[in-house]
Amino acid sequence: MSPVVGSPAELGTARRLAGTALLTCAPGSREVVRLDERLPTALLVSGPELSARLLAEVFGPLLALVPAERAVLVGTLEAWLECGGSVGRAAVRLRCHRNTVFNRLRRLERLTARSLSRPRELVDLVLALDVLKLWSAPP
C-alpha cells in the first residue's frame, strides 16, 4: 500500500509507490505491506543496477561458496539479526552451540571484509542480505 494521499492529483504517485511496495514482496506472496514499513527494501528494488553492485561488492566472496555452505552462513546471519544480535538466542534458534554461531559470523565477516560491530558495515550487510533474499525467492 502507498502512503495516504491528500488529493486525487496524487493518485498517480500513490499507484507508483504501491507498485514499489509490491516489488518488496517475494514473488507469489499474498502478504499486504505498507511502503512506509519497507522503505530500505523499496530503495533497493527501485535501483536494480545499484542493488546488483551492492550485492556483488558486499557478498561477492560469499556468493562464490558452494550453495550449502553459503546457505549456512546466510541463515546464521538472518537468525542473528532476527534475534536482535544475540548469539545465544541465535544458537537456540539454529539448534547449535553459541561458539558455532560466533565462528560462522566471524567467517562471514572475513569473507565480506565487513564487521558486524561497525554500524555502517552492518547496514551494508543487511541491505545486501535483503537483495539476496529478494533475488533468491522462488517464483
Quiz item: For the stretch 1-50, what are the residues that are of a type in the set (Ser, Thr, Tyr), under 23 Å from Val123 (Cα atoms) and open to solvent by less than 60 Å² (accessible area, probe 1.4 Å)?
Solution: Thr20, Thr24, Thr41
Quiz item: Tell me, which helices (runs of 4 or more DSSP H) lie completely within the stretch 1-91 with 3 or more residues that are polar (S, T, N, Q) and without any contact (Cβ under 8 Å) to a residue 12 or more places away in the chain?
Solution: none
Practice problem: Test Arg110 against the criterion of being loosely packed, with under 12 Cβ neighbours inside 10 Å, in a helix (DSSP H, G or I) and free of Cβ contacts under 8 Å to residues at least 60 places away in the same chain, and give yes or no. | Solution: yes
Exercise. Scan the stretch 116-136 for residues that are surrounded by 16 or more Cβ atoms within 10 Å (Cβ to Cβ) and over 15 Å from the mean Cα position of the chain (by Cα) and jot them down.
Key: none
Self-check item: Count of residues meeting criterion [open to solvent by less than 60 Å² (accessible area, probe 1.4 Å) and among the acidic types (Asp, Glu)] in the stretch 67-103
Solution: 1
Quiz prompt | Tally, over the stretch 110-131, of residues that are in contact with a Ser or Thr (Cβ under 7 Å, 6 or more places away or on another chain) and either among the aromatic types (Phe, Trp, Tyr) or closer than 18 Å to Ala42 by Cα (or both) | solution = 3
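The values are calculated or read from the model by the stated rules, or taken from the named source; none is laboratory data. As the structure is a prediction and not an experimental result, all values here were calculated from the model. Heads up, the Cβs are rebuilt from the backbone with ideal geometry, glycines too, and the neighbour counts pull from every protein chain shown. Just the protein is used for accessible areas: all its heavy atoms, side chains included, with ligands, DNA and RNA removed. Shrake-Rupley method; radii C 1.70, N 1.55, O 1.52, S 1.80 Å.
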